[in-house]
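Encoded as structure tokens, the structure appears first; notes follow it.
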């Protein structure tokens, strides 16, 4: 019961007491295992998300994936802000507040879990669209201290397009540094993985539609 209470307090932002050193070591090892297994799973799908904690506590994120999809499908998915909650794990709400002049303001509510820890994150971001191949994302306000980055759609080569994301994030102040970094890593990975999965799904549906249209009998005179 005491351990359960300590976990609940830690999930809300408190740090377990000094008598919980062994517990913290177990959690740290578990977090490392979870994150490592995620990297392995992504790499097997020709998708890589590299995250590195910098000396000032910020997280540098470099992600890329090779997709068999059209540039149009990639762009439509990246800018379908209101539908993000359907295919990005951990994202409960994504609501467009305004769009004008190639800039969209979006409110997002996240709920991320790592082992026994659960954390809600609310942010408002601005997306700056630079079609056909670049999309910037900047934090306007919210629970994160920093979120600045962007997507870049590469040129098509051998029937594939490379999607890249580079950015810098910094987690909430109310959490210990190592736990904040773990949640930021999870947030970055889940969004990129969800985006790539949805792009491939949309492209497969479009391809199936094209095949069905070719099979359909020609209309009579």
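Values in this text are rule-based calculations from the coordinates and carry no lab data. Remember, it's a predicted structure, so these values are computed and weren't measured experimentally. Note that we place each Cβ from the backbone using ideal geometry, even for glycine, and neighbour counts take in every protein chain shown.
Taken along its principal axes, the alpha carbon cloud of region 102-149 reaches lengths of 41, 20, 15 Å, longest axis first. Averaged over residues, the count of other Cβ atoms within 10 Å places the peptides 103-110, 62-69, 125-132 in the sequence 62-69, 103-110, 125-132, highest first. For 81, 151, the sequence from fewest to most other C-beta atoms within 10 Å is 81, 151.
Evaluate E = 1/(1 + (r/R0)^6) for residue 210 and residue 99, where r is the Cβ-Cβ distance and R0 equals 30 Å; express this FRET efficiency to the nearest 0.05. Between residue 210 and residue 99 the formula returns 0.50.
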